[in-house]
Protein chains: 2
Amino acid sequence: MLRSHNLGEVNEKLVGKKVKLCGWVDSIRHFKQMTFILLRDRYGKVQTVISDKSKFSKNLKNVTLESCIKVEGKVKKRPKGLENPKMASGNIEVEVSKIEIFNSCPSLPFDMKVDSLEDMRLKYRFLDLRTDKMQKNIILRSEALKAVRDFFYNEGFVEIETPILAKSTPEGARDYIVPSRVHPNKFFALPQSPQLFKQLSQIAGFDKYIQMARCFRDEDLRSDRQPEFTQIDVEMSFIEQDDLIDTMERMLKYTFKKVLNVDVKIPFKRITYEEAIEKYNSDAPDLRKDKTNPKEFAFCWVVDFPLFEYSKEEKRYKSTHHPFTMPQTGKNKLDFNEKSKAVAYDCVLNGSEIGGGSIRIHDSEIQEKVFDILKISKAEAKKKFGFLLNALKYGAPPHGGIAFGFDRVVQIMAGEDSIREIIAFPKNKEAKDLMLGAPSEVSDKQLKEVHLKFGK
Amino acid sequence: MLRSHNLGEVNEKLVGKKVKLCGWVDSIRHFKQMTFILLRDRYGKVQTVISDKSKFSKNLKNVTLESCIKVEGKVKKRPKGLENPKMASGNIEVEVSKIEIFNSCPSLPFDMKVDSLEDMRLKYRFLDLRTDKMQKNIILRSEALKAVRDFFYNEGFVEIETPILAKSTPEGARDYIVPSRVHPNKFFALPQSPQLFKQLSQIAGFDKYIQMARCFRDEDLRSDRQPEFTQIDVEMSFIEQDDLIDTMERMLKYTFKKVLNVDVKIPFKRITYEEAIEKYNSDAPDLRKDKTNPKEFAFCWVVDFPLFEYSKEEKRYKSTHHPFTMPQTGKNKLDFNEKSKAVAYDCVLNGSEIGGGSIRIHDSEIQEKVFDILKISKAEAKKKFGFLLNALKYGAPPHGGIAFGFDRVVQIMAGEDSIREIIAFPKNKEAKDLMLGAPSEVSDKQLKEVHLKFGK
């Protein structure tokens, strides 16, 4: 190791000890013959002191802000009255005996101590990520990933990685497509969600499926959307709505406790869709007492969504969620119609829909009646959904699931206004990666290899 | 919950109790007036008994192999002499009072109790995944994911999700490219590895990066390759080769203990590249005492790879790994040449290279000399690697890393011959998903939207 301690480990206990420290120059200050370099890493900050700067003059001119350096020296108590109670290492400083510059840093493209233009921050994301805020956000995200997965593993869920090179589906948003080289004129599609695969995992008997799933939608962007995003993706067999809701409430409680040390009260309030619209004029009501308080976390469930919505344009009923959503029925399983409600639920936090799901149809008679109401012919159903309908016939269990927008959840946890603040390397609002310069041109050879040319 | 217990929970302690059980029909056997249905889920198997099958005749004709059913009944001891010591629930059976069929199963496309043609298994993967072997393999994979991540989290690593929609790079294997709709004639590329991003995470100060990273290579396939695969992706700052090797040895020891209860001895043997070639005629030697024993795990490191290889075709030196690999130098950092060795290392298990990495160059003078030897001009270097070279100038720390082929590691842990056996939904040898039918055709509209047409 090039260092003896990280900067979070340097404190009064080390007084008198020699240390080797590495980090970035957070500030540099000259005072008479002395130079103070505040060294920073993701664990903390430590003041280092050069008592006689003339001895280091050759090196010091390259010690610029954000340079990465190593110092060796002795830890000593700060002179009385010069302690800094705001710093964990505020009672000590390191008397520098040796300094090594790993990489100097040219003048910064933006001031890292103040809010800067987002496009500039994204272009130099490797610098922007060094700021206290971004370090905190990315580490919070990492801790949330850990907490969510730990919860599900402890409950006996199986993590299954589903394909990214998947199949284009006619429903939903626009797919990103990937031309195949080996199979001319054919394409993979990046998954909008692993919906199909998670249902297949249940047909395959895995019973409790979890994945922090990467999903892709080629939509026009807005502040809380990205071309790619991460979903807490869950599917369970042999359960009813209450079982799923209970498990998800415990997952959120566990995660908020572990990551933020916040106690979330469960069970959450449940509001029917009708009541939400009537009383709050929204299907994602904000139940905070103080709607300006980002540290208040008000969860609720919105349940009993209508199974169908009437489309005036198409003059037919459409599924509110998707055509595999289980209807609420009477005593007989076929007791449902255009006006029925669905076994579908949304999870809402502070006025944002953070998750949604449903119990799926596993019964072919119910499925047929749903297609009848949707005016989807057998041939059309087979073409659009044939694969899943076929798989469901091979001894499919009753099952249901939910997906949470993980980025959105972390954004609210971090109290940020945009999901770009909690993603390490996001695209900007124009779906560009400003740092990499992506998307970019490819060679004619690359295009030819996948049997394509530019259209007009 | 539709069930009172999963099938792993049903044992002698429940004798006399009423239970509700769900699962799949593993076998069905008629004997006089009785019918025995062996019920299966991922936790176990339980024998259920219908004493008078005439009472269930209507239902029973639909209880076929692999149907998904629910039975209610009382747990009782099996008659003396009829116990099955091979089953965890072999001392009991459930006397069925009620049976519900969630989904019957048509005749099976292959016999799930014997080895079947792989393409048939892949087409009906949702059935194939129900077999004991595939259940075991997928759960083992999930446990390995958990163990690896737990190790790194416990060591203070930060998990960072890097983009899948990234940039085409001219080095390495063939990229999968994704046309942009918003930016005509421009493309994203799926990452062959997050190499660039993991180095950026270190420049950004994250110090210890981990990701179970999805990677993509459009290569011609063979038994141990897939178009997409998962990499244990690691990068660390302020470290030397020994620090990285030590951390990885402890990670592998932890994972093999947790998942297989196997004690791996560390440190592993280290062999120089020269010695490996001389003594074993391979850069990935198999050090097992018995090379036919899949339960013996013989790890080693191969170190001191040559920095460059001479390409007779191109009449110039090329990087053995990549042009950012740190040379082994003399006292002076520029003491290296065409014949020098690299600070690069491979991890080998049972004759398979399971991981490889290097310490990276963070010093621009060393980097320039490497480009000189490679006969890469400044203009060319800027065009090919400009972005990374630029980022490295902004106070980059000394750093290095490694990537393990997670699929390969799990394959060896599971004792399988092909990585397809440890991937839930793999492509076949022709890069096709036989279950989904992907890649597939897309509509003219979809192609137009991304400004492309078919070439000739």
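Key figures
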| item | result |
| --- | --- |
| Tail weight of P(r) past 26 Å, computed on alpha-carbon pairs of the stretch A:227-381, percent | 35 percent |
| Relative contact order, percent, chain B [alpha-carbon distance under 8 Å, six or more residues apart] | 13 percent |
| Relative contact order of the stretch B:347-404, pairs being alpha-carbon contacts under 8 Å that are 6 or more residues apart, as % | 55 percent |
| Cα pair distances exceeding 15 angstrom across the stretch A:7-103, given as percent | 56 percent |
| The stretch B:326-361 versus the stretch A:167-217: alpha-carbon centroid distance in Å | 39 Å |
| Calculated label separations, B:ASP372, copies of the chain, 7 Å along the beta-carbon direction, nm | 8.2 |
| Two-decimal Rg/Rh across chain A, once Rg and the Kirkwood Rh are taken from alpha-carbon atoms | 1.07 |
| Amide H contacts of B:TYR176 (H built 1.01 Å from N, under 5 Å, at least 5 apart or other chain) | B:LEU190, B:ASP218 |
| Of B:PHE151, B:TYR280, B:LEU392, farthest towards positive along the dipole that unit charges on Lys, Arg, Asp, Glu beta carbons give the stretch B:130-422 | B:LEU392 |
| Dipole magnitude (debye, nearest 20) for the stretch B:229-320, charges at Cβ of Lys, Arg, Asp, Glu | 440 debye |
| Efficiency of FRET from Cβ geometry, A:SER282 and A:ASP115, R₀ 45 Å, rounded to 0.05 | 0.90 |
| Solvent-accessible ranking of A:SER27, B:SER418, B:SER57, largest area first, probe 1.4 Å | B:SER57, A:SER27, B:SER418 |
| Inter-copy label distances at B:LYS98 (7 Å, Cα→Cβ; nm, one decimal) | 7.9 |
| Where N is the number of residues in the stretch B:129-232, Cα Rg divided by 2.2 N^0.38 Å | 1.29 |
| Reduced Cα scattering model of the stretch B:56-162, Debye log10 I(q)/I(0), q = 0.22 Å⁻¹ | -1.19 |
| Convex hull (Cα only) mean projected area of the protein assembly as shown, reported in nm² to one decimal | 43.6 nm² |
| For the stretch A:351-456, the Rg and Dmax computed from alpha carbons only, in angstrom | 21.7, 53 |
| Solvent exposure ordering (accessible area, 1.4 Å, most first) of B:LYS432, A:LYS80 | A:LYS80, B:LYS432 |
| Under the span-like rule (Cα at least 30 Å along the axis, Kyte-Doolittle mean at least 0.0), DSSP H helices of chain A | none |
| Between the stretch B:75-101 and the stretch B:232-302, the alpha-carbon center distance in angstrom | 47 Å |
| Cβ-placed point charges (K, R +1; D, E -1), dipole of the stretch A:7-103 about Cα centre in debye, nearest 20 | 260 debye |
| Sum of -39500 (n - 2.57) over DSSP H runs of 4+, divided by residues of the protein assembly as shown (222 nm, nearest 500) | -7000 deg cm²/dmol |
| Using a 7 Å Cα-to-Cβ projection, B:ASN84 label spacings across copies, nm, ascending | 7.1 |
| Lys, Arg +1 and Asp, Glu -1 on Cβ, resulting dipole of the stretch A:130-422 about Cα centre, debye, nearest 20 | 540 debye |
| Alpha-carbon radius of gyration plus Dmax, which is the widest Cα pair, for the stretch B:221-264 in Å | 14.2, 38 |
| Amide H contacts under 5 Å for A:TYR317, placed H, 5+ residues apart | A:SER311 |
| Heavy atoms of A:GLU309: accessible area, 1.4 Å probe, square angstrom to 10 | 90 Å² |
| Accessible surface ranking that places the most exposed of B:ILE99, B:ILE266 first, with a 1.4 angstrom probe | B:ILE266, B:ILE99 |
| Hz values of 3J(HN,Hα) by residue in the stretch B:429-436 - Karplus curve (6.51, -1.76, 1.60), Gly and Pro given as x | 5, 9, 6, 10, 8, 6, 6, 6 |
| Percent of Cα pairs exceeding the 17 Å cut-off, where the set is the stretch A:264-314 | 48 percent |
| Options B:ILE69, A:LEU21, A:ASN59, ranked by Cα towards positive dipole end of the protein assembly as shown, top entry (Cβ charges) | A:LEU21 |
| Distant-in-sequence amide H partners of B:LYS269 (H built 1.01 Å from N, under 5 Å) | B:TRP301 |
| Dipole-positive endmost among B:PHE197, B:TYR254, B:GLN241 within chain B (Cβ charges, Cα centre) | B:TYR254 |
| Exposure of A:MET326 as accessible area (Å², to 10), given a probe of 1.4 Å and all protein chains | 30 Å² |
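The values are calculated or read from the model by the stated rules, or taken from the named source; none is laboratory data. All values derive from a computational prediction rather than experimental measurement. Note that each Cβ is placed from the backbone with ideal geometry, even for glycine, and that neighbours are counted across all protein chains shown. Surface accessibility is based on the protein's heavy atoms, side chains included, excluding ligands, DNA and RNA. Shrake-Rupley method; radii C 1.70, N 1.55, O 1.52, S 1.80 Å.
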